[in-house]
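Let me begin by presenting the structure, written as structure tokens, before commenting on it.
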Amino acid sequence: MGLLALKTFRHGVHPPEAKDETSGSPIRQFPFAPLLVLPLIQHAGKPSLPEVIEGQEVVRGQRLARPDGFMSVSLHAPATGVVRKIGLCPSISGRMVPGIFLEPHPASTQEVALGEPCPLETATPEAIVAAIQEAGLVGLGGAAFPTHVKLSLPDDKPVDTLIINGAECEPYLTTDHRVMLEQRDDVVMGIRYLLRVCRAERAIVAIEANKPDAARHIQEGLPDDLPASVEVLRVKYPQGAEKMLISALLGREVPSGKLPLDTGALCINVATAAEIGRLLPAGRGIEERVITIGGPAIEHKGNYRIPIGTPLRFLLEQVGVDEDVNRVFLGGPMMGAAAPSLDIPITKGTSGVVAFTDHAAAATHRKIYPCIRCGYCVDACPMLLNPSQLGILALNEEHERMADEFHLLDCFECGSCSFVCPSHIPLVQQFRAAKATVRKARQQAAAAGPTASKEAPA
Amino acid sequence: MITAVAALSGLTMALATLLVLAHRMLHVEEDPRVGLVEDMLPHTNCGACGYPGCRAFAEALVGGEALPGKCTVSSEAGRERIAGFLGVDVGAEAKRVARLACAGGTNVARRRARYDGPATCRAAAQVAGGGKSCFFGCLGFGDCAEACDFDAIRMNEHELPVVSEAACTACGDCVEVCPKDLFSLHPVSHRLFVACKSLEAGDGILEDCEVGCTACGRCAQDAPGLVQIQSNLAVVDYDRDHRTDLPIQRCPTGAIIWMEPEGPRKGREAAKIIRKGTLPPAAT
């Protein structure tokens, strides 16, 4: 298969992949931290409602918080122990959020208490969606969007293709790679559950060409009765973004302001699919996840199955970290977020921890020059926007114009424009700030009354 | 030659007639006082009166919907002039000012991380909330000072905004621009003020900021009802009589203060902080 024959999307960039150091290391179990911090909001939506009280003894796998309405999921105890405190805890968003502080019992065998199983043989689609919400599943690729919301499909939007996203285009991260190699049966089981819910004709497991072993392994393991195939994609960032995958695999474009569902495709991360296949038959909740711990500053790089709520400080102590460590990212270096404090816990949406030393970070710590309109960013933007023009407007604070004329809200902050900019302009950050301003203004306009909000796009 | 002159003159006359007709027939009757009142207003279009600019406010004034007192930018004499012109009351509107609910300058509040992106609060707030140790505190890049059309906000030597009571018109631009929602508009009479928004409990906050509210509750004890501890923060109930500085006296950190026109005054038991330089970042 020639390189050019592989499917891909338009534009995009080629950051150094840096995956070799961890892609060969099998998933290992991470120890329990002396205190686990469990934010009640680890998903997009409303915070979960705690069901335990301070001082209560809980068992690993027990439900700690129930969903508050549809846009919310359950939270389960990652360890057998005692609830020390229910109060504010730091989060990667830079806000204090309500959370549960759980102290694991050191001597416990950490047996998992199981809930109500949802066996594939008898489960209806509605039961599967409910079980997924009960299991507390969110998109494990990083967005942490509740999976059951994604699977609650309106009747007028049929799904013809289920895309299992194993592209993992983010540098340094190898969790999906290892999950595909080590949890193939779970992935297959997850696809069966998902096909039952979305009634798609076929499933495609999309894998970038830098993971040939995973592609081969999954291909060999797909049973004949499953309408699923493996598609190898060209290595390019951001290949793993939903809209890029749909464009590469199906040649369809998601309309501005619409969801992938509107094109008849449903994208689910391969790690999420594997967890569906692992948790639902047993009636378990998600209380641990696989993450990659890597980057130049980490001594024992690798892939770990880690209890949710492990604080960053404990994690770095365990794996060993260079004393020059300067930046720690949750998620990958392209779309991940820089950790503002080492007290921040690993949450369901954290796909990796990448740490850089002072030396390595210096490369990104450069002087910012004015835009020379070279157009590199225009060539890089996978959404076919004009980041150069947007950046100039951002400097002039013309936020409404950015949104109305230059489709600011279509930007999904992949960072390709900032990555290629020879003037080192922090474009994505400007866009993120502008988006926050625009959203705030529109919310206020909407709150002010229907007459005032007529300028909002349909 | 003559044809050309005649043709052009004819065309000119025809178009002039059209213009005259349009002027007569499409004329909109407008109260001439609106323009005069608008000229008496300060032309800042700040929106502090609640109307979308001075013109709209002038229309409201002439229409009797509002009183001149709503314009906080005009001088006292200016408001009286408009009131006299329209034959209405000035309408005593209590002067309001913007107040910042944070006192954590760089000399008293720690940083937990170094932020080196674009130097605006709104951009910094996007990166994990900025570099301040306190998740609630002022980031100090001065978006509010930039947004203020009246130069009422200046950044002091500790990167903390200082609002000039005299210059502030309570237009609310700073309230809108602050990503941490630290500004609020208060009548000047609200002298008793809690300059902290941290909801963190207990003395742990002092490691981040020496002037934070630890929710010790002494202010609430000294002025029962007037000050209450809600979600680990002292809250003043301005519906009660708040013209007493009793609650600030025993505050150990100086989080609850008495706002004098020339600056905040702390209680006598508040820790004296004489540090001029920057606090070192917290050890990680």
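The values are calculated or read from the model by the stated rules, or taken from the named source; none is laboratory data. Bear in mind the structure is a predicted one, so any value in this text is a computation, not a measurement. We place every Cβ from the backbone using ideal geometry, glycine too, and count neighbours over all the protein chains shown. Just the protein is used for accessible areas: all its heavy atoms, side chains included, with ligands, DNA and RNA removed. Shrake-Rupley method; radii C 1.70, N 1.55, O 1.52, S 1.80 Å.
When the range A:236-293 is filtered for residues that are among the hydroxyl-bearing types (S, T, Y) and not assigned by TED's automatic domain parsing to the domain that holds A:Q183, only A:T292 remains. Give the residue that is modelled with the lowest pLDDT, with candidates limited to residues of the range A:421-442 that are open to solvent by 40 Å² or more (accessible area, probe 1.4 Å) and more than 19 Å from A:R401 (Cβ to Cβ). Per the criteria, the residue is A:H424.
If we keep just the residues of the range A:228-281 that are open to solvent by 30 Å² or more (accessible area, probe 1.4 Å) and among the hydrophobic types (A, V, I, L, M, F, W, C), which is nearest to the chain's Cα centre (by Cα)? Give the derivation first.
So the first thing to find is which residues in the range A:228-281 are open to solvent by 30 Å² or more (accessible area, probe 1.4 Å), and the list is A:229, A:231-232, A:234-235, A:242-243, A:247, A:250-253, A:255-259, A:262, A:278, A:281.
With among the hydrophobic types (A, V, I, L, M, F, W, C) added as a condition, the list becomes A:232, A:235, A:250, A:259.
Details: A:V232: 21, A:V235: 19, A:L250: 22, A:L259: 17 Å.
Step by step, filter the range A:228-281, then rank; the result is A:L259.
Right, B:E176: within 14 Å of another protein chain (Cβ to nearest Cβ) and over 27 Å from A:L342 (Cβ atoms) or not? Outline the logic, then answer.
On the way: within 14 Å of another protein chain (Cβ to nearest Cβ): yes; over 27 Å from A:L342 (Cβ atoms): yes.
For B:E176, the condition - within 14 Å of another protein chain (Cβ to nearest Cβ) and over 27 Å from A:L342 (Cβ atoms) - is met.
Of the residues in the range B:188-200, at least one is closer than 30 Å to A:Q444 by Cα, away from chain A (no Cβ under 14 Å), open to solvent by less than 10 Å² (accessible area, probe 1.4 Å) and in a loop (DSSP other than H, G, I, E, B). Among the residues of the range A:62-77, those that are in a loop (DSSP other than H, G, I, E, B) and either within 14 Å of chain B (Cβ to nearest Cβ) or open to solvent by less than 10 Å² (accessible area, probe 1.4 Å) (or both) comprise A:S72, A:V73, A:S74, A:A77. Checking the structure you have, find out if any residue of the range A:132-145 is among the hydrophobic types (A, V, I, L, M, F, W, C), closer than 30 Å to A:V235 by Cα and not assigned by TED's automatic domain parsing to the domain that holds A:C267. Within the range A:132-145, none of the residues are among the hydrophobic types (A, V, I, L, M, F, W, C), closer than 30 Å to A:V235 by Cα and not assigned by TED's automatic domain parsing to the domain that holds A:C267. Could you say whether any residue in the range B:56-65 is in contact with a Lys or Arg (Cβ under 8 Å, 6 or more places away or on another chain), open to solvent by less than 50 Å² (accessible area, probe 1.4 Å), over 30 Å from B:F136 (Cβ atoms) and outside any helix (DSSP H, G or I)? No; the residues of the range B:56-65 include none that is in contact with a Lys or Arg (Cβ under 8 Å, 6 or more places away or on another chain), open to solvent by less than 50 Å² (accessible area, probe 1.4 Å), over 30 Å from B:F136 (Cβ atoms) and outside any helix (DSSP H, G or I).
Considering B:V73, B:V28, the condition of being on the phi < 0 side of the Ramachandran plot, exposed (fewer than 10 other Cβ atoms within 10 Å of the Cβ), modelled with pLDDT under 90 and not basic (K, R) is satisfied by B:V28 alone. Here A:P450 qualifies as modelled with pLDDT under 90 and either over 23 Å from B:D181 (Cβ atoms) or assigned to a loop (DSSP other than H, G, I, E, B) (or both). Counted as qualifying within the range B:213-260 are the strands (runs of 3 or more DSSP E) with 1 or more residues that are open to solvent by 20 Å² or more (accessible area, probe 1.4 Å), out of contact with any Lys or Arg (no Cβ under 7 Å at 6 or more places or on another chain) and without any contact (Cβ under 8 Å) to a residue 12 or more places away in the chain, namely B:227-230.
Being in contact (Cβ under 8 Å) with a residue 60 or more places away in the chain, buried (at least 24 other Cβ atoms within 10 Å of the Cβ) and within 21 Å of A:P104 (Cβ to Cβ) narrows it down to one residue among A:P307, A:P311; which is it?
Numbers: A:P311 fails: buried (at least 24 other Cβ atoms within 10 Å of the Cβ).
The unique qualifying residue is A:P307.
Could we say that B:G104 is away from chain A (no Cβ under 14 Å), under 30 Å from B:K272 (Cβ atoms), open to solvent by less than 50 Å² (accessible area, probe 1.4 Å) and of a type in the set (G, A, S) here? Yes; evaluated as a whole, the condition is true for this residue. The listed residues are A:V52, A:V97, A:V58, and the only one of them that is outside the structural domain of A:V149 (by TED's automatic domain parsing) and touching a Gly at 6+ places or on another chain (Cβ under 7 Å) turns out to be A:V58. One residue stands out in the range A:152-173 among those that are out of contact with any strand residue (DSSP E or B) (no Cβ under 8 Å at 6 or more places or on another chain) and within 30 Å of A:D68 (Cβ to Cβ): the one that is most open to solvent (accessible area, probe 1.4 Å), namely A:D155.
Is there a residue being part of a helix (DSSP H, G or I), within 14 Å of chain A (Cβ to nearest Cβ) and open to solvent by 50 Å² or more (accessible area, probe 1.4 Å) anywhere in the range B:109-125? No: the range B:109-125 contains no residue that is part of a helix (DSSP H, G or I), within 14 Å of chain A (Cβ to nearest Cβ) and open to solvent by 50 Å² or more (accessible area, probe 1.4 Å).
I'd like to check something: does the range A:174-190 contain any residue that is among the polar types (S, T, N, Q), on the phi < 0 side of the Ramachandran plot, out of contact with any strand residue (DSSP E or B) (no Cβ under 6 Å at 6 or more places or on another chain) and open to solvent by 40 Å² or more (accessible area, probe 1.4 Å)?
Initial filter on the range A:174-190 (among the polar types (S, T, N, Q)): A:174-175, A:183.
Imposing the further condition that a residue be on the phi < 0 side of the Ramachandran plot reduces the set to A:174-175, A:183.
Now drop any that are not out of contact with any strand residue (DSSP E or B) (no Cβ under 6 Å at 6 or more places or on another chain), which leaves A:183.
The next check asks that each one be open to solvent by 40 Å² or more (accessible area, probe 1.4 Å); those that pass are none.
Looking through the range A:174-190, none of the residues is among the polar types (S, T, N, Q), on the phi < 0 side of the Ramachandran plot, out of contact with any strand residue (DSSP E or B) (no Cβ under 6 Å at 6 or more places or on another chain) and open to solvent by 40 Å² or more (accessible area, probe 1.4 Å).
Taking the criterion of being open to solvent by less than 60 Å² (accessible area, probe 1.4 Å), of a type outside the set (A, V, I, L, M) and not in a loop (DSSP other than H, G, I, E, B), the residues of the range A:25-61 that qualify are A:P39, A:P50. Answer yes or no: is there a residue in the range A:78-97 that is out of contact with any strand residue (DSSP E or B) (no Cβ under 7 Å at 6 or more places or on another chain), of a type outside the set (A, V, I, L, M, F, W, C), open to solvent by 40 Å² or more (accessible area, probe 1.4 Å) and away from chain B (no Cβ under 14 Å). For the range A:78-97, residues out of contact with any strand residue (DSSP E or B) (no Cβ under 7 Å at 6 or more places or on another chain), of a type outside the set (A, V, I, L, M, F, W, C), open to solvent by 40 Å² or more (accessible area, probe 1.4 Å) and away from chain B (no Cβ under 14 Å): absent. For the range B:78-93, a residue qualifies if it is surrounded by 16 or more Cβ atoms within 10 Å (Cβ to Cβ) and free of Cβ contacts under 8 Å to residues at least 12 places away in the same chain, and exactly one does: B:R79. Summed over the range A:246-297, the residues that are closer than 25 Å to A:L233 by Cβ, in contact with a Cys (Cβ under 8 Å, 6 or more places away or on another chain) and modelled with pLDDT under 90 give a count of 1.
Inspect all residues belonging to the range B:45-52 and state whether any of them is more than 30 Å from B:G212 (Cβ to Cβ) and either of a type in the set (D, E, K, R) or outside any loop (DSSP other than H, G, I, E, B) (or both).
So the first thing to find is which residues in the range B:45-52 are more than 30 Å from B:G212 (Cβ to Cβ), and the list is B:45-52.
Filter again for either of a type in the set (D, E, K, R) or outside any loop (DSSP other than H, G, I, E, B) (or both), leaving none.
No: the range B:45-52 contains no residue that is more than 30 Å from B:G212 (Cβ to Cβ) and either of a type in the set (D, E, K, R) or outside any loop (DSSP other than H, G, I, E, B) (or both).
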